[in-house]
Each structure stands twice: as structure tokens, then as C-alpha cells.
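Step one of this worksheet: look at the structure below.
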Amino acid sequence: MKLTKARRDQYRKLAKQQGYRSRAAFKLLQLNKSYKIIKNSDKVVEFGCAPGGWIQVATQLVGPSGFVLGLDLKEINPLAGASFIKGSIDDPLLTQILLQTIGPNDKFDVVLSDMSPNVSGIWEIDHERQISLTRHALLVSIRILERRGNAIYKIFQGVSTRSFVNELAEHFALVKLSKPPASRQESSELYVICLGFKG
Ligand SMILES: C[S@@+](CC[C@H](N)C(=O)[O-])C[C@H]1O[C@@H](n2cnc3c(N)ncnc32)[C@H](O)[C@@H]1O
């Protein structure tokens, strides 16, 4: 068995043992351990949250005084301590809906984006589609994120990586690329850690 497959199976097994809905949960646990993105009492929103592994982790990290909201095209099974919206990141009304959900004069402390498009298998197309989804996430983030807030954006690596990371750097004090151990080595996904939203 190849090392990468062994590692994938290891995280799948761990997710089952620890009651996480997806092995993706370990990516957020590892990223948060390194970068302290989510804190107790934070208000967190995740774009592309199904089946809910990251939402489970976020709910644990914010504790009972925090707030966690997930968005996805797909329906997800309810999770204690979190709310969900079924919809698309490119819905023109989304920003308004999110701000209404969080309440008047309030914003989110953390934005998480783990969206993946339906993949065609043609890498250039999948890369551009994924970056386009994530650019929508950035546009929404700019309207809903608290000053000095943090974010994580998944990206598929490709020709537009550099320009998109530069765009992110205009809005955050610190931007770093990270590949957590739970992310498959053969997958070209990367996570952009964005700290200190400039507002
Ligand atoms: C890799 S999964 C997310 C896994 C999740 N973070 C977890 O921990 O379980 C990617 C998700 O992005 C969602 N997605 C794709 N396009 C989207 C869009 N336009 N708006 C919202 N979500 C979208 C998919 O439906 C899919 O559930």
C-alpha cells in the first residue's frame, strides 16, 4: 500500500473513531493548531460546509458562547450548536442573508472556505472554477468580516494561484500558504491562511 493511501485511510479511520463526519475535520484541526485562526466565543461562517466535518471542529473551538454557520449547495444533517443555509456562494442576496443571520451591527470573526466545484477532470478548467468560487467567497468576506478577523480559503493550485493570493494579501495583514498533513499529497489543494482583516 502506498504511503499516501495509508495516510488517507488513517485519517478516515480516525474520523470514524472520533465521530467526525469527514476526514477533512483533521485539516482544520491541524491548521488551527498552527495558526490559531478560531478562538473561544468567535462567530464563524463556513462556505462549502457539507457534510460538516469543519463545522464540528469549529463548534468545539468556539464553545457554547460562540456562533457557527455553514453554507452549502447540499442539504446537511443538523448539528447541535450550528446553523445552516442551503444556497450558493454566488447568490447576490447572500451577504444580506448572512448579515441578517448574525444580527444587527454584528460581523463574523472568522470565514472558512473549503469549496470544491464538481470536477471535470480537466485540470485547468477545475482550477479556474475553484478559484472563481473562492473569489466569490472573498467578495462576501469583505462585507461580513470583522476588522482584524481571520480566514482560511482552500484553493486548487494552478496558473491563477499567485494573482489570487496577491488579491487576498490586499485585504489581510498576513497571508500564508499551508498544506496540512491531513491533505492528500497527491491532491493539489492548498489552504491560504489569512490573518488580520484590514477592514
Ligand atoms: C470538500 S467539500 C467540503 C467539506 C467540508 N469542509 C467538511 O469538513 O465536511 C466541498 C463542498 O463545496 C460545496 N460547494 C461547491 N460549490 C458551491 C457553491 N457554489 N456554493 C456553496 N457551496 C459549494 C460542495 O457542495 C461541497 O459540499
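Here, each number is a calculation from the coordinates, and none is a lab measurement. These numbers come from a predicted model, not from an experiment. Glycine also receives a Cβ, built like all others from the backbone with ideal geometry; neighbour counts cover every protein chain displayed.
Kirkwood hydrodynamic radius for segment 126-171: how many Å is it when counted over pairs of different Cα atoms?
11.1
Residue pairs exceeding 21 angstrom between C-alpha atoms, taken from 86/176; 74/198; 107/179; 154/179: 86/176; 74/198; 107/179.
Among 46-53, 137-144, 77-84, how do they line up from the highest to the lowest mean number of other beta-carbon atoms within 10 Å?
Ranking, from highest mean packing down: 46-53, 137-144, 77-84.
Secondary structure note: in the chain, about 40% of the DSSP beta bridges are antiparallel. The alpha-carbon atoms of segment 26-140 define a convex hull whose volume equals 113 cubic angstrom per residue. Computed log10 I(q)/I(0) for the chain at 0.08, 0.12, 0.13, 0.15 Å⁻¹: -0.24, -0.56, -0.67, -0.91, from the Debye equation with unit scatterers placed on every C-alpha and solvent omitted.
Highest mobility in the GNM of the chain, judged by mean-square fluctuation with C-alpha springs under 10 Å and restricted to 17, 56, 100, is found for 17.
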